[in-house]
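Readers should treat all values here as calculations from the given coordinates under stated rules, not as data from a laboratory. Note that the structure is a prediction, hence the values are computed from the model and not measured. Cβ placement follows ideal geometry from the backbone for every residue including glycine, while neighbour counts extend to all protein chains displayed.
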Amino acid sequence: MAIPQPTSAMQPVLRWLRLPRLGVGTGIAAAILAVIVLLTLLSPWIAPHDPLTMNPLARLKGPIEGHPLGTDNFGRDILSRVLIGGRLSLIIGIATAAIAVLIGLVIGVVAGFFRTADAIIMRMMDALMAIPSILLAIALVALNGPSVGSVIAAITIPEIPRVVRLVRAVVLAAREEPYVEAAIALGTSMPKILVRHLVPNTLAPLIVQGTYILASAILTEAILSFLGAGVSTETPTWGNIMAEGRLFFRIKPELILYPGLALSLCILSINLLGDAARDMLDPRLKKRAG
Amino acid sequence: MFKTRNHNDAPVVLQTSGLTVSLPETPGNLKVLKSIDVTIRHSETVCLVGESGSGKSVTSLAIMGLLPQALKVAGGSIQLQGRDLLPLSQAQMRDLRAARVAMIFQEPMTALNPVLRVGDQIMEVMELHTDLPAAERRRRAVAIMEQVHLPDVDRIFRSYPHQLSGGQRQRIMIAMALVLEPVLLIADEPTTALDVTTQKQILALIDELQQNHGTAVLFITHDMGVVAEIADTVYVMKRGEIVEHGPVDALLRQPRAEYTRQLLKAVPSLSPRPARPEADDAVLRVERLNKIYGGGGILRKLPQAHAAKDVGFTLSRGRTLGIVGESGSGKSTVARCIMRLIDPSSGRIMLDGSDIAGLSRAALRPHRKKLQVVFQDPMRSLNPRWTIAASLIEGPLNYGTSRADALAEAARLMDVVGLPQDALGRYPHQFSGGQRQRIAIARAVMMRPDVLVADEAVSALDVSVQAQVLDLLHQLQRDLEIAIVFITHDLRVAAQICDDVIVMQRGAVVEHGPASEVLAAPAHAYTRALIDAAPGRSWDFQNFREMPKVPHAEPA
């Protein structure tokens, strides 16, 4: 049955990319995310100013010549800071999602397939899940000093058990499938069965989960920076720009508005894409769509 | 022989005329039902028979007013006791259901609410449709439970569905359906999920209640044996059309439509085929195989389940051994032990001279290729993400065959199992159930096994497809001298394909011998009960006549 799909200007592009037709919302989300990623990646070249150069003569200015979004309390260019800061935020988000998914996939497959390993691994995961990421971050930063690595580790560790549980559930269900038993009968070795028969089943839910982790990691990083437990304030991220800006919030709300807007748009579009990925990869929804 | 009673003078309960159902959203306005005319009279049993996709269930859903959203009645009328049902509103239909028309389904577990006691579920029906006082509702619920011959009614009244057996659950469903004394009972494959002995009891129960209450029954089934047992009148459906109808006696003796003849011819005969000559080279010998589940526990011994008790048999090259039994008899446990998909608790499995019962995973590997398997569910036995070619060559690649050789062999086997060459590049969902089962067989044959274990390999297929797949197995066995362990609950299939038969009950082998002896002259009471319960056993469907009388052997 063909369900009429909303069309958008993205359709020719999608057809060229051999991607399925997507809804308007998804198209807009993809476009916004693409713009944000492009701008932040190119920020060292397109940012009009150095984000750290202070200018005592132009403090807390509105949009003026050379500073389209104005300046902060040290006279630094807000536009440049948001662009450069986004780069680190995105790097932390992507790194966290990638590491959490990779480690979680390996542990989850092992837990789901080998019964003896299952009990031990899952109790360890329960323990990990009990650690709040903020507390862990504060501890890590206290030990190692504020660094990107500590922040990524602090956000990744509590995410891993969630991925493990997801992968384990999928593997537990898939290992009972007759085609897996048939593969055992065909003499396929255990690692091959894991990689070729079981892991592909986990990819669809993992991609979706990955986008959620990506969004939540950017958010958590912002919270950590805001609390002062994140990356050092010398390196701008969306989180610590907002943290610094809160002191002048009443005189100049733009200090929080612009990085906050970038953050919200970014997370909203990532979540929308995650939902679209889920719909696209869910076999039941796919069947209904044709 | 047959029930065929004359109902021509009885009042008409349900009449559909020119009932047409279509899928309005498809191109060409596809018709799912084309002008269906069915008449059911007071206390008559009408069987609607056909293969999957023939529109049997859609017909019943249309009568109940429960068609899925996508389907629309495009024409015709449905009259219940002279009243047209089609113009009725949802609310009016809701009142009519249960009170006048009731339905029972194939799977009683999913039709009952798992968190309510069954007694309360029966009472709920009356609560919704009558204004009887609570005490009277309870009295009637207990009375109907007694009528469906449930033992220990007081206890079962307070039981939850999971505490009952499949047969008991189906009795509860029937009690719920009949408690309001409907004029029409629609039974959609009500015994398909049950064991044969339970099926026999349920069929007898439906018949008895029908006699007592005069209910008209619309019985939907794919099983010609069941038709022969219970029908007064039969309607044969094919692709949304009724191809033939008539009294059961006439229809089974002189089928007029070609399709009916094909359908009847495809019903496997219960009389065993002659066994092939015994060969001496035993390729699989199982000795005192045991599988015990549970029994672990650190502080207290947990209860044990003896799924296989001292099972033993010998299978020689080119022959077929049938393992028959009802659900829970341990036949699949034995198969899975032989395949070493589970580890036997004790016993020996001699495959081609070496014991594989205790081998480690690595030590087992060289033996794996000699032993292949075909499963019941053709939807799940192929990896849905892989092309057919990838599935077929997986095994040979594991044992060092080159990709090119494996693909050439796969292409050759496509011919053998009767599928087109371009099937190799396609995915499992693009094939029908029967085709997928052929692919699963081809995958097993790619390994050139000595032994093929077929675990209910044709049970999920329509009879005509079943016959083709059995033919394919037979032909492969003849050409390649494969020995087959054929696990089935269906004695008709066992009679057609097996040289030797093992009958299992509660994990133990109760009878073992050549199929011609075990099935024609059973010595054990359980085997006899199984054969007696096989529906339509006294009718030779293929030859449109009674079975020649074969006297049962006296119990040994």
Practice item. Determine ³J(HN,Hα), in whole Hz, for all residues of region A:192-197 in sequence, where each value follows from phi through the Karplus function 6.51 cos²θ - 1.76 cosθ + 1.60 and θ = phi - 60°; x replaces Gly and Pro. Key: 5, 4, 4, 6, 8, 9
Check your understanding: What list of ³J(HN,Hα) couplings, whole Hz, do you get for region B:274-290 from phi and the Karplus terms 6.51, -1.76, 1.60, once you set θ to phi - 60° and write x for glycine and proline?
Key -> x, 6, 7, x, 5, 9, 8, 6, 5, 9, 9, 10, 10, 10, 6, 7, 10
Point to revise | Cβ-placed point charges (K, R +1; D, E -1), dipole of chain B about Cα centre in debye, nearest 20 | key: 1160 debye
**Study point:** Size of charge dipole - the protein assembly as shown - debye, nearest 20, with Cβ of Lys, Arg +1 and Asp, Glu -1, no other charges
**Key:** 1420 debye
Revision key, fill the gap. Chain B: relative contact order from alpha carbon pairs under 8 Å, six or more residues apart, as a whole percent, is 16 percent
Point to revise | Hydrodynamic radius (Kirkwood) for region B:111-181, which is based on Cα pairs only, to one decimal in Å | key: 11.8 Å
Revision key, fill the gap. Restricting to Cα pairs under 8 Å and 6 or more apart, the percent relative contact order of chain A works out to 23 percent
Check your understanding: Which links in A:Lys192/B:Lys369; A:Lys192/B:Lys291; B:Lys238/B:Lys265; B:Lys291/B:Lys369; B:Lys56/B:Lys200 stretch past 27 Å when you go from one Cα to the other?
Key -> A:Lys192/B:Lys291
Exercise for review: May I ask for the equivalent-ellipsoid semi-axes of the protein assembly as shown, computed as the square root of five times each C-alpha gyration tensor eigenvalue and listed largest first in whole Å?
Suggested key: 60, 37, 27
Review point. For chain A, modelled as a GNM with alpha-carbon contacts under 10 angstrom, which of A:Gly70, A:Gly274, A:Gly104 fluctuates the most?
Key: A:Gly70
Exercise for review: Place a +1 charge on the Cβ of each Lys and Arg in region B:397-555 and a -1 charge on the Cβ of each Asp and Glu, then give the dipole magnitude about the Cα centre in debye, rounded to the nearest 20.
Suggested key: 380 debye
Revision key, fill the gap. The long-range amide H neighbours of A:Gly75, using H built 1.01 Å from N in the peptide plane and a cut-off of under 5 Å, are A:Asn55, A:Leu60
Exercise for review: Amide H neighbours of B:Lys238 under 5 Å, at least 5 residues apart or on other chains, H built in the peptide plane: list them.
Suggested key: B:Val243
Exercise for review: Using +1 at the Cβ of each Lys and Arg and -1 at the Cβ of each Asp and Glu in the protein assembly as shown, identify which of B:Met339, B:Ala390, B:Asn543 lies farthest towards the dipole's positive end.
Suggested key: B:Ala390
Revision key, fill the gap. Non-local residues with an amide H under 5 Å from the amide H of B:Val374, with H modelled 1.01 Å from N and Pro and chain starts lacking one, are B:Val453, B:Ala454, B:Asp455
Revision key, fill the gap. With a Förster distance of 51 angstrom and the Cβ-Cβ distance between A:Phe248 and A:Asp126, calculated FRET efficiency to the nearest 0.05 equals 0.70
Study note, to complete from the structure: Comparing A:Tyr258, A:Tyr212, A:Tyr179 in a Gaussian network model of chain A (Cα, 10 Å), the one with the largest mean-square fluctuation is A:Tyr179
Review point. Which value in nm describes the separation of the simple spin-label points at B:Ser269 and B:Ala363, placed 7 Å from the Cα toward the beta carbon?
Key: 4.8 nm
Point to revise | Within a Gaussian network of chain A (alpha carbon springs, distance under 10 Å), most fluctuating of A:Leu60, A:Leu203, A:Leu143 | key: A:Leu143
Practice item. Please report B:Trp386, A:Trp238, A:Trp45 as a ranked list, fewest other C-beta atoms within 10 angstrom at the top and most at the bottom. Key: A:Trp45, B:Trp386, A:Trp238
Point to revise | DSSP-defined beta bridges in the protein assembly as shown - what % are antiparallel, rounded to 5 | key: 55 percent
Review point. Applying the Karplus parametrisation 6.51 cos²θ - 1.76 cosθ + 1.60 with θ = phi - 60° to the phi angles of region A:214-226, what ³J(HN,Hα) value in whole Hz is obtained for each residue in order, glycine and proline being reported as x?
Key: 4, 5, 5, 5, 4, 5, 5, 4, 4, 4, 4, 4, 4
Practice item. Mind sorting B:Arg319, A:Arg115 by how few other Cβ atoms lie within 10 Å of their own Cβ, fewest first? Key: A:Arg115, B:Arg319
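Once the Cα gyration tensor of chain A is found, what semi-axes does its equivalent ellipsoid get, as square roots of 5 times the eigenvalues, in whole Å, sorted largest first?
Details: eigenvalues 338, 137, 34 Å².
Listed largest to smallest, the semi-axes of chain A are 41, 26, 13 Å.
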Point to revise | Alpha-carbon centroids, region B:224-255 and region B:258-305: separation in whole Å | key: 32 Å
Study note, to complete from the structure: In vacuo Debye sum over C-alpha of region B:284-373, base-10 log of normalised intensity I(q)/I(0) at q = 0.18, 0.19, 0.23, 0.24 Å⁻¹, listed in q order, is -0.83, -0.91, -1.22, -1.29
Study note, to complete from the structure: In degrees rounded to 10, the 0-90 angle between helix A:148-174 Cα long axis and the longest Cα principal axis of chain A is 20 degrees
Check your understanding: Based on the Cα atoms of region B:378-448, what semi-axes does the equivalent ellipsoid have, where each is the square root of 5 times one gyration tensor eigenvalue, given in whole Å with the largest first?
Key -> 18, 12, 11
Exercise for review: Answer rounded, prolate or oblate for region B:154-313, using the Cα gyration tensor with square roots of eigenvalues a ≥ b ≥ c: rounded when a/c is under 1.5, else prolate when a/b is larger than b/c, else oblate.
Suggested key: oblate
